[in-house]
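Please treat every number below as a calculation from the coordinates, not as lab data. Bear in mind that the values here come from a model prediction, so they are computed numbers and not experimental data. Cβ atoms come from the backbone with ideal geometry, glycine included; neighbour counts cover every protein chain shown.
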Amino acid sequence: MRHALPIHRRYQRRGLAGRAFTLVEILIVVVILGILAAIVIPQFSTAAESSKESALKQDVFRFRGQIELYKHQHNGNPPTLANFIDQMTMATDKDGNTAAIGTPGYPFGPYLPGIPRNPFTDTVPLGDGAVGTSAWYYDEDTGEIAANDSAEHRAW
């Protein structure tokens, strides 16, 4: 007969009635968590943005170095826009013609394992300089390459 008491009396008897959270206490905790989230989340988005900028700078630096090496090995001529991807990722001869890696007579390259994605646009293609139409801006006259997502990043 120990359990014959009504449920609310059983909890009072064991001292559990005073241990429950009130609605006000729960609301206070939720408000505090909301304030903390409002402070922390913007810092994560700032970190993601700076990570993208760092990756972009590193890719542009690597691009520029490999284009300079290409120019040095091809009598000062930069890769052409029309054949840029092949000229940077395949073996080339002294005239810039491409072939499979290891082909006799094609001693140069590859300069890059592949064209990296632009972290801001998440795209790969090259373009002729129209901002926002491709991932990378490449000027075949000078061999200059830059990010092509905005005027701000083109300067890198």
So for 86, 122, fewest C-beta neighbours within 10 Å to most, what's the order?
122, 86
Near the amide H of residue 108, under 5 Å away, which other amide H atoms are found, from residues 5 or more places off or on another chain, if H is placed in the peptide plane?
92
